[in-house]
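Below is one structure, written out as structure tokens, with a few remarks after it.
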Amino acid sequence: MIQVLDKTFDVFLSAQQIQDRIVEMAAEIDREYRDKDLVFISVLNGSFMFASDLMKRITIPCEISFVKVSSYKGMNSSGRVDELIGLNTNIEDRDVIILEDIVDTGITMNKIYSYLDSFHPSSLKITSLLFKPDAFDGKHAPDQIGFSIPNDFVVGYGLDYNEKGRNLDAIYKLKETE
Ligand code: 5GP
């Protein structure tokens with residue numbers, strides 16, 4: 001059990017479980033992208049740890065670049081505008097894998113996917129460490145999933161609770177009673 005700010009969390013996926021799954025995922029990518037021009041696009045902030053550990057296990061030639069979804073108050077109906085910033089790599093005619101920490105409703109991924117697709121990559125796939133199938137209502141489900149998880153709030157391994165908890169090497173879920 002751990003405390004992050006005012007909330008208590010229980011261990012959900014141990015550091016070892018995460019690393020073991022990453023080894024398997026990297027091996028799949030190695031096999032599928034052997035003759036491709038692979039570029040990872042890691043979505044900050046949450047995916048930094050996953051991207052780093054996954055990439056260390058990749059043995060074929062590859063590149064990585066980072067994007068960030070910046071939300072600010074705008075004039076659209078929801079009062080929020082999301083903008084993708086930071087893409088400084090040419091992805092046209094290249095094989096792109098988007099790296100996410102978690103896909104929940106899928107709304108964020110809808111935006112990231114259509115933004116990257118507009119640069120005409122030869123292929124565009126999604127790898128997400130975590131996926132919440134019961135919450136998902138998006139257009140682009142991950143092609144490769146580390147773990148499908150229930151609809152609970154999780155922290156650790158890059159995922160935050162009010163910016164805290166990203167440093168934890170395991171993934172924790174909010175305690176039932178809270
Ligand atoms: P979406 O609902 O658009 O798929 O997910 C949007 C964002 O919500 C994710 O990228 C992630 O930052 C955040 N998110 C969704 N579920 C969780 C969760 O259980 N824990 C944490 N820390 N963030 C989450």
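Odds and ends about this structure:
- Taking every residue in the range 119-132 that is part of a strand (DSSP E or B) and pairing it with any residue that is surrounded by fewer than 24 Cβ atoms within 10 Å (Cβ to Cβ) and basic (K, R), at least 6 positions away or on another chain, yields no pair with a Cβ-Cβ distance below 6 Å.
- Single match in V67, V43, V23, V11 (criterion: surrounded by 15 or more Cβ atoms within 10 Å (Cβ to Cβ), closer than 24 Å to P150 by Cα and touching a helix residue (DSSP H, G or I) at 6+ places or on another chain (Cβ under 9 Å)): V43
- Residue list for the range 29-40, filter: open to solvent by 60 Å² or more (accessible area, probe 1.4 Å) and either among the acidic types (D, E) or in contact with a His (Cβ under 6 Å, 6 or more places away or on another chain) (or both): E32, D35, D37
- Single residue of the range 105-160 satisfying the filter (among the hydroxyl-bearing types (S, T, Y) and open to solvent by less than 40 Å² (accessible area, probe 1.4 Å)) that is farthest from the ligand (Cβ to nearest atom): S123
- Residue in the range 107-118 that is modelled with pLDDT under 95, touching a helix residue (DSSP H, G or I) at 6+ places or on another chain (Cβ under 8 Å) and under 30 Å from F9 (Cα atoms) present: no
- Condition broken by A170, with the remaining ones in (1) open to solvent by 20 Å² or more (accessible area, probe 1.4 Å); (2) more than 11 Å from the ligand (Cβ to nearest atom) satisfied: (1)
The values are calculated or read from the model by the stated rules, or taken from the named source; none is laboratory data. Small disclaimer: the values here were computed from a predicted structure and weren't measured. Backbone-built Cβ (ideal geometry, glycine too); neighbour counts: all protein chains shown. Heavy atoms of the whole protein, side chains included, go into the accessibility calculation; ligands, DNA and RNA do not. Shrake-Rupley method; radii C 1.70, N 1.55, O 1.52, S 1.80 Å.
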